[in-house]
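Chemist: One structure coming up, written as structure tokens, with questions to follow.
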Amino acid sequence: MTYRLHIIRHAEGTHNLAHDTRILDPELTPLGVSQAQNLCRSFPYKADVGLVIASPLRRTLCTAYEGFRDVLDQRYFPSGSGNGVADGAHFLLDPDVQAHSDRPCDTGSEVRVLEAAFPDLSFGDLDAKWHVKVGVYAGDSESVRRRAKVRQRLVMQFGQLAEGQGKRRDIVVVTHGDDWAAFRGARVSWD
């Protein structure tokens with residue numbers, strides 16, 4: 001099955017502007033919101049997108065939500081908001097594409113916090129402990145290597161996902177800069 005995989009780094013977060021990695025799950029700056037809006041205006045393959053996958057951190061969620069508001073299905077937006085489209089793209093939150101490190105800026109929020117910030121999104125499939133940087137989501141090099149292998153397997157599975165999308169087969173992944181190499185299949189030293 002032929003499809004395109006579009007990997008997008010999140011827009012500017014408050015931690016980027018302040019160079020402050022101590023900010024927990026930072027939001028987008030005003031420039032970041034503008035960047036996401038520009039993505040919405042300028043992304044050239046909108047008609048082909050059937051699935052948008054985002055890291056559950058706020059900056060990636062906001063980038064995807066704002067950047068693809070005219071592509072995502074209307075069920076992900078408040079009724080009457082004018083955002084979303086009938087039979088639009090599916091939206092999937094995937095903790096395997098979250099930021100690697102265990103710094104506060106790369107640590108997500110609890111599900112209840114995300115539910116309050118994004119009341120029209122479903123967080124039911126998200127593990128309640130996805131944001132705790134231990135075990136599979138730890139920041140150590142071995143855990144990061146394991147997640148990289150998961151992402152590489154995920155890329156192979158995208159073909160199957162694309163098959164179920166009809167003519168809208170493209171998949172967008174909104175993630176973090178440290179994930180690009182893993183999706184490209186590049187050999188990366190995580191040490």
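The values are calculated or read from the model by the stated rules, or taken from the named source; none is laboratory data. In this text the structure is predicted, and so the values were computed from the model without any measurement. FYI the Cβ positions are ideal-geometry reconstructions off the backbone, even for glycines, and counts take in every protein chain you see.
Chemist: Residues of the range 106-125 being among the aliphatic types (A, V, I, L, M) and over 16 Å from the mean Cα position of the chain (by Cα), which ones?
Modeler: Answer for the range 106-125, where residues must be among the aliphatic types (A, V, I, L, M) and over 16 Å from the mean Cα position of the chain (by Cα): VAL113, ALA116.
Chemist: Tell me which helices (runs of 4 or more DSSP H) are completely within the range 1-77 and hold 2 or more residues being touching a residue at least 24 places away in the same chain (Cβ under 8 Å), farther than 20 Å from GLN98 by Cβ and not β-branched (Val, Ile, Thr), or say none if there are none.
Modeler: So the answer is 30-42.
Chemist: Taking the range 133-145 as the search range and keeping residues that are surrounded by 14 or more Cβ atoms within 10 Å (Cβ to Cβ) and touching a residue at least 12 places away in the same chain (Cβ under 8 Å), which one is nearest to the chain's Cα centre (by Cα)?
Modeler: Step by step, filter the range 133-145, then rank; the result is TYR137.
Chemist: Then there's this: If I ask for residues that are in contact (Cβ under 8 Å) with a residue 24 or more places away in the chain and either in contact with a Cys (Cβ under 9 Å, 6 or more places away or on another chain) or surrounded by fewer than 21 Cβ atoms within 10 Å (Cβ to Cβ) (or both), which ones from the range 81-95 would you list?
Modeler: The answer is HIS90, LEU92, ASP94, PRO95.
Chemist: Quick test for you: out of VAL71, VAL111, VAL85, pick the one residue that is out of contact with any helix residue (DSSP H, G or I) (no Cβ under 7 Å at 6 or more places or on another chain), among the β-branched types (Val, Ile, Thr) and either over 12 Å from HIS176 (Cβ atoms) or at pLDDT 90 or above (or both).
Modeler: Among VAL71, VAL111, VAL85, only VAL111 is out of contact with any helix residue (DSSP H, G or I) (no Cβ under 7 Å at 6 or more places or on another chain), among the β-branched types (Val, Ile, Thr) and either over 12 Å from HIS176 (Cβ atoms) or at pLDDT 90 or above (or both).
Chemist: Which of the residues belonging to the range 88-140 are touching a Gly at 6+ places or on another chain (Cβ under 7 Å) and aromatic (Phe, Trp, Tyr)?
Modeler: Hit for the range 88-140 is TRP130, nothing else.
A quick yes/no check of all residues on (1) within 15 Å of the chain's Cα centre (by Cα); (2) of a type in the set (A, V, I, L, M, F, W, C):
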residue: HIS15; (1), (2): no, no
residue: ASP20; (1), (2): no, no
residue: LEU24; (1), (2): no, yes
residue: LEU39; (1), (2): yes, yes
residue: LYS46; (1), (2): no, no
residue: VAL52; (1), (2): yes, yes
residue: LEU61; (1), (2): yes, yes
residue: GLY88; (1), (2): no, no
residue: PHE91; (1), (2): yes, yes
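Chemist: Hey, among the residues in the range 78-96 that are acidic (Asp, Glu) and in a loop (DSSP other than H, G, I, E, B), which one's nearest to ALA128 (Cα to Cα)?
Modeler: ASP94
Chemist: Name the residue, out of ALA148, ALA99, that is in contact with a helix residue (DSSP H, G or I) (Cβ under 6 Å, 6 or more places away or on another chain), part of a loop (DSSP other than H, G, I, E, B) and surrounded by 18 or more Cβ atoms within 10 Å (Cβ to Cβ).
Modeler: None of the other options fit; the residue is ALA99.
Chemist: Now for a separate question. Cβ contacts < 6 Å: first residue in contact (Cβ under 8 Å) with a residue 40 or more places away in the chain, restricted to the range 99-120; second residue in a helix (DSSP H, G or I) and acidic (Asp, Glu), any location; separation 6+ or different chain. Result?
Modeler: ALA99/ASP106; HIS100/ASP178
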